[in-house]
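Written out below as structure tokens is the structure these notes cover.
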Amino acid sequence: MTTDAGEPTLTIDELAARAGVTVRTVRFYGTRGLLPPPVIGPRRVGHYGREHLARLELIEEMQHQGMTLAAIERHLRQLPADLGPHDLAIHRAVVASWAPDTVETVSRAELERRAGRRLTEEDVDRLTAMNVVTREGDSFRVDCGLLRLAARLLDVPLSQETILAARTVLTGHARAAAHELSDLLRDAVAERDTRDVKSLSAHMHPLVVQALLTTFQRSLKEELRQWLDGAAAPKTPPGGTAAPGAGSRGTPSG
């Protein structure tokens, strides 16, 4: 079965497997109103779409950050009901950005539990190359704040070299932006009391993260739009004459 947009749907078992949770958990979230109801198909089988998976992943991320179920319910009630999978994924990225900057030593089973998926040896090698996981005998040193993101990158159809190059670009620009913002704020509060500085920092931190993420998202969408528009534009052959049928049709002159 597919959606109106032609996208394949998931059964409740497939949805639970994709999200790394149990079917019972999916049903529980549904009864609490945290997930929209499925589309009922033939034989009374419920079918779930990408928006269900994205919302379920957002709920799991918030739980991973230590939010109570009541807090998650309040948070989700504030979101527009028609948020699509892409917007939900961006929202989950904001939540994930507050993951504690901690490194822990865990077993293979615990590593897979925290990653939310089974990991092959190739997967572990890729996580190691991303500097998210370090092997220590039968155990693993894990950057807990980056593990979930890195695990999702395992499914991205890009080479490991491209992912690492992208990480280098993002890290470099993020550090440069953080340095310039820190200098700006430091100058703005240079004459203030230490308590005022700490208070300002606490208030500015989430605002700056939100602003950076929103600005980057919009900039990236614009770059992708220009790239795709350029790729779709008709090619002009050597000599400057457009291919037959390309561009506007004018009346021959002369």
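The values are calculated or read from the model by the stated rules, or taken from the named source; none is laboratory data. Only a predicted model underlies this, so the values are computations on that prediction, with no experimental measurement involved. Glycine gets a Cβ as well: all are built from the backbone with ideal geometry, and neighbour counts include every protein chain shown. Just so you know, the surface numbers come from the protein's heavy atoms only, side chains and all, with ligands and any DNA or RNA stripped out. Shrake-Rupley method; radii C 1.70, N 1.55, O 1.52, S 1.80 Å.
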Which residues, taken from segment 121-142, are of a type in the set (S, T, N, Q) and more than 23 Å from the chain's Cα centre (by Cα)?
-> THR134, SER139
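Closer than 20 Å to ARG118 by Cβ, at pLDDT 90 or above and in contact with a helix residue (DSSP H, G or I) (Cβ under 9 Å, 6 or more places away or on another chain) - does that describe any residue in segment 26-43?
Looking through segment 26-43, at least one residue is closer than 20 Å to ARG118 by Cβ, at pLDDT 90 or above and in contact with a helix residue (DSSP H, G or I) (Cβ under 9 Å, 6 or more places away or on another chain).
Select, from SER159, SER107, SER182, the only residue that is touching a Phe, Trp or Tyr at 6+ places or on another chain (Cβ under 9 Å) and open to solvent by 40 Å² or more (accessible area, probe 1.4 Å).
Criteria check complete, one pass: SER107.
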Cβ-Cβ below 8 Å, separation at least six or inter-chain, first residue in segment 38-67 and of a type in the set (Ser, Thr, Tyr), second open to solvent by less than 60 Å² (accessible area, probe 1.4 Å): which pairs?
-> TYR48/THR9; TYR48/LEU10; TYR48/THR11; TYR48/ILE12; TYR48/LEU15; TYR48/PRO38
Mind listing whichever residues of segment 51-89 are buried (at least 16 other Cβ atoms within 10 Å of the Cβ), over 20 Å from ALA115 (Cα atoms) and of a type in the set (Lys, Arg)?
-> none
Would you call PRO42 open to solvent by 20 Å² or more (accessible area, probe 1.4 Å) and over 19 Å from the mean Cα position of the chain (by Cα)?
-> yes
